[in-house]
Amino acid sequence: MVSVDMGAMGHKKEDVSSRNPLQRLPVLELDDGTILTESVAICRYFEELNPEPALFGRGAVGKALVEMWQRRIEFNLFLAVGFAFRHIHPAMKEWEVPQVPEWGEANKPKVLAFLALLDKELAGREFAAGDAYSIADITGLIAIDFMKPARIVIPDELANVWRWYRALAARPSAGA
């Protein structure tokens, strides 16, 4: 494990960029020299090695539902929160060139609209993709955590989203 200080732009230095020309984290280098980047690809690798618990679902329908909700949360929540954060937060000025505050602000209503949809879905189940914790829940937790620096607040009336988020945040793995 190698720590990279992203605040000091460590992800732009040769040690990372030689492994990932996109200069992004995470980067996983296997013993045979294979380089894996992108969080979901790394998670899939680890799940193949350790299939329990199955974070990508079980069976054809279960796997499809997890993939569907992972993509929905990734595209409609995580991405919109990321655009707001990267284009509004002053600390991101050197990372997001050009930083377009209007684009960041334009994404805030998209986040809230998706959370309202998710709230209705979560009325009938414990987790994003069904009855089992999955990669979709992990992506959702991270997206909601990034809402704070993006200056977006979950509306109080979204009780199901709040219940879901609090349960996810209380898991021991969330504090790791």
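The values are calculated or read from the model by the stated rules, or taken from the named source; none is laboratory data. Bear in mind the structure is a predicted one, so any value in this text is a computation, not a measurement. Here Cβ is always computed from backbone atoms with ideal geometry, including for glycine, and neighbour counts include all displayed protein chains. Surface accessibility is based on the protein's heavy atoms, side chains included, excluding ligands, DNA and RNA. Shrake-Rupley method; radii C 1.70, N 1.55, O 1.52, S 1.80 Å.
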Of the criteria (1) part of a helix (DSSP H, G or I); (2) among the aliphatic types (A, V, I, L, M); (3) in contact with a strand residue (DSSP E or B) (Cβ under 9 Å, 6 or more places away or on another chain), which one A64 fails: (3)
Residues of the stretch 112-158 satisfying the condition of being small (G, A, S), assigned to a loop (DSSP other than H, G, I, E, B), in contact with a Phe, Trp or Tyr (Cβ under 7 Å, 6 or more places away or on another chain) and within 28 Å of V61 (Cα to Cα): A128, A129, S134
Extreme residue, most open to solvent (accessible area, probe 1.4 Å), among residues of the stretch 71-91 that are in a helix (DSSP H, G or I), over 19 Å from Y165 (Cβ atoms) and touching a Pro at 6+ places or on another chain (Cβ under 9 Å): A91
Of all residues in the stretch 59-70 being without any contact (Cβ under 8 Å) to a residue 12 or more places away in the chain and of a type outside the set (G, A, S), the one that is least open to solvent (accessible area, probe 1.4 Å): E67
Index of the failed condition, W95 passing every other in (1) free of Cβ contacts under 8 Å to residues at least 24 places away in the same chain; (2) surrounded by 13 or more Cβ atoms within 10 Å (Cβ to Cβ); (3) over 23 Å from S39 (Cβ atoms): (3)
Those residues of the stretch 1-54 which are open to solvent by less than 90 Å² (accessible area, probe 1.4 Å), in contact (Cβ under 8 Å) with a residue 24 or more places away in the chain and in a loop (DSSP other than H, G, I, E, B), in sequence order: M9, A54
Near pairs, Cβ below 6 angstrom, 6+ apart or cross-chain, from the stretch 105-125 (open to solvent by 70 Å² or more (accessible area, probe 1.4 Å)) to any residue that is at pLDDT 95 or above and of a type outside the set (V, I, T): K110/A80; A123/N160
Test result for I138, among the β-branched types (V, I, T), under 15 Å from Q70 (Cβ atoms), modelled with pLDDT of 95 or more and open to solvent by less than 60 Å² (accessible area, probe 1.4 Å): yes
